[in-house]
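What follows is calculated from the coordinates using simple rules that are stated; it is not laboratory data. On a predicted model such as this, the values are computed, not experimentally measured, just so you know. Every residue, glycine among them, receives a Cβ derived from its backbone with ideal geometry; neighbour counts consider all protein chains shown.
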Amino acid sequence: MRVAAIRLLALLVALPAAAQETQTDPQIDDTIRASVVERLTSKIQAGYLIPEAAQVAIRNLRAAQESGEYKEIPRRRRSRQDSPRICVLRQRTNILPVFFDPEPAVPPSSSTPPEQARERYNFGFAKIERLKGNVGYLDLRSFADLEQGRETASTYLDALANFDGIIIDLRQNGGGNTPMAGYIASYFFGAKPVHFTDMYWRDQNKTVEVWTSENVVGRRSERQLLSILVGPSTFSAAEDFAYSMQQLKRVTIVGERTGGGAHMGRGLQRLSPLFTAFIPVGESLNPVTKTNWENVGVQPDVKTPADKALFEAHLAALRGLAERETNPGWQGDLRRAIADVAAGK
């Protein structure tokens, strides 16, 4: 059974930054522990993506609580960079973390609004560059909310139409908004909508279909040679984009196997004033394969170390462009570019 390996592994508590500064440990008694466990089991029961896994997880949580496993919580101070998590359930390589995440007494007055923060990161569009041979390179670090990032996305994607070959770098992309992934994909197909991916939400028993857009702002790049760079840090919606493009045979994937995260949640769920949890309640499902890349990752078409992926993709793009070029002068330029890139120039 896919979920038979789920088991309770550990219970850890990390102090929040404020507690570290004051050197005051939070008081976590039996009542708080029991309340957190019961709230967590209730949320798992209501919406955890795989029902069989939910039952195993609930049994393990309750058994550990009844045996007193949580009475002696190991305490150790962590740096601010550590992720403070207390409870870990493992399903193969998956984890279900519970975070020590106290509600702030007063929201920080100087906090940056989420929309402004995303603007400062340019909605994930880190860089666009023209490489030798008129190959366009797009460094995409995340998939922002579509409604907030649509204008920026359209500007960058329109610019890609100037290039003969395109490389999209997802090696440092941890995911984000699936509708944005579908919108970006729209620029690499014609106007006729294409069924791109599906999102199944178990907590609502609802499937949301994601299609490419009939209308986009700016020019499309449906005829350009297209490569996507991936690696172990490519995750979630970034994997969905790569996997869906691969199944539609529109792209060549170059690099290493991706992280393997196809399950989705609705953000951190509040369990108590002190604790939150991330609970998977949905998953991506590809309309072609009827499955996803959970635990196995997206397999590249061209396997190479992630740090060599751009070199390999650029060289392959130049060779492909040279083969189909009919202008003798430009074909000669492409062959010189191939020699330069191969020589590391």
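Note on Asp145 and Ser272: with the Förster distance fixed at 25 Å, the Cβ-Cβ geometry gives a FRET efficiency of about 0.30. Exposure proxy ranking for His263, His195, based on other Cβ atoms within 10 angstrom of each Cβ and starting from the fewest, stands as His195, His263.
Annotation: extensible slack from Arg223 through Arg335 equals 38.2 nm (criterion: 0.36 nm per residue apart, minus Cα-Cα distance). Between Gln116 and Asp307, the distance separating the two model label sites (each 7 Å from Cα on the Cα→Cβ line) works out to 3.8 nm.
Using DSSP, restrict attention to beta bridges with both residues in the range 222-326 and report what percent are antiparallel, rounded to the nearest 5. Rounded to the nearest five, the antiparallel share is 45 percent.
When all alpha carbon pairs of the range 209-302 are counted in 10 Å bins from zero, the resulting P(r) reads 15, 38, 29, 13, 4, 0 %.
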